[in-house]
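Notes for the one structure printed next.
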């Protein structure tokens, strides 16, 4: 039930949505660039599919370890604007260090630092948007996801183009410049949000008190309640399998195109851009539909169609139809991401919003850490096509889990 303070709040403009979504795009720019550089890095360092998978799995393992503490830290500190700004810096800096790397283990350290830094952004940004726009969670979180898609769409195309003239080490150095400019702008704008009072502070004032002090004992008791919540955990585990599918595609689709199909760096970048542009279009459509018809229906249909299109993508091979299937995979795969985030937030108490997102992204990171390693082992043991069939199977498992989620209940106050 909404509080009187919340009910008295006038309709908000979408200024904050665009602001935070732009920051989200920056957090995705550098990882998306790295996916295009990965085939060249792998060849230079002589990495097998298994070693490439291990490399990316370590990034997600670091995320799995740090996600929940990151969410807890966000809930304890509360200054979400400044935390988002700090996350932006932490994500970009390790990629600059990669220009100096000469071994697999140096890359592992850099990617693990990225995995840790990226996990402050989501617990700060997602609850902020969901609670500032309570009746349009699916839509605003789809715009937030769309910001990430824009970053992921533009980065591979830019990187693929630059690789026509420069080495991957030079591209990493060149890529630092726009990142520094964008990071400075985002730090200034996102930091400004911390000077305005959020809903928590408004409600605290209305109730006639200060912001409540952090009670560790009660907090951990509430945290155990989240872990025991069947609905929330099924949503998170299903989303984890979806992330397993997504991570496997993002890591190995560029490698597959370069190694197996002989695509040029520009063509690889174009394919990855098509994947992200399709996701960019799908997010707002799915988010709006989920606000109207329910989260479960949208997720079920998106997952089913993702599995079908992944199998279709493998079958068509080098034909032009391949690009169409890449676009369809991106459309259906990314359509469900903001919907599942909104679904999880609706089943999390407001005072644990950051922790709930941290818990969700911990499970997502576990799924993401499994995907590259398993894909690499399957590809080296059998072939890369068998590994793609494995990814199609993981999205089917995610779909089956959604069937066991209880019917939607009213969002918690």
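The values are calculated or read from the model by the stated rules, or taken from the named source; none is laboratory data. Just so it is clear, the structure is predicted and the values come from calculations on it, not from any experiment. Using ideal geometry, Cβ is built from the backbone for each residue, glycine included, and neighbour counts are taken over all protein chains shown.
The table below lists the values:
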quantity: Unique residue being assigned to a loop (DSSP other than H, G, I, E, B) and in contact (Cβ under 8 Å) with a residue 24 or more places away in the chain when the list is 246, 261; calculated: 261
quantity: Single residue of segment 215-239 satisfying the filter (within 30 Å of residue 315 (Cα to Cα) and crowded, with 23+ Cβ neighbours inside 10 Å) that is farthest from the chain's Cα centre (by Cα); calculated: 238
quantity: Any chance residue 364 is farther than 19 Å from residue 42 by Cβ and either without any contact (Cβ under 8 Å) to a residue 40 or more places away in the chain or crowded, with 22+ Cβ neighbours inside 10 Å (or both); calculated: yes
quantity: The lone exception for residue 334 - which of (1) closer than 24 Å to residue 281 by Cα; (2) crowded, with 24+ Cβ neighbours inside 10 Å; (3) modelled with pLDDT of 80 or more it fails; calculated: (3)
quantity: When residues of segment 154-166 are limited to those that are surrounded by fewer than 24 Cβ atoms within 10 Å (Cβ to Cβ) and in contact (Cβ under 8 Å) with a residue 12 or more places away in the chain, the one farthest from residue 31 (Cα to Cα); calculated: 164
quantity: Yes/no for residue 149 being modelled with pLDDT under 75 and within 14 Å of the chain's Cα centre (by Cα); calculated: yes
quantity: Meets criteria (surrounded by 21 or more Cβ atoms within 10 Å (Cβ to Cβ) and in a helix (DSSP H, G or I)) for residue 307; calculated: yes
quantity: Residue count, segment 290-300 (criterion: in contact (Cβ under 8 Å) with a residue 12 or more places away in the chain and either touching a helix residue (DSSP H, G or I) at 6+ places or on another chain (Cβ under 7 Å) or assigned to a helix (DSSP H, G or I) (or both)); calculated: 7
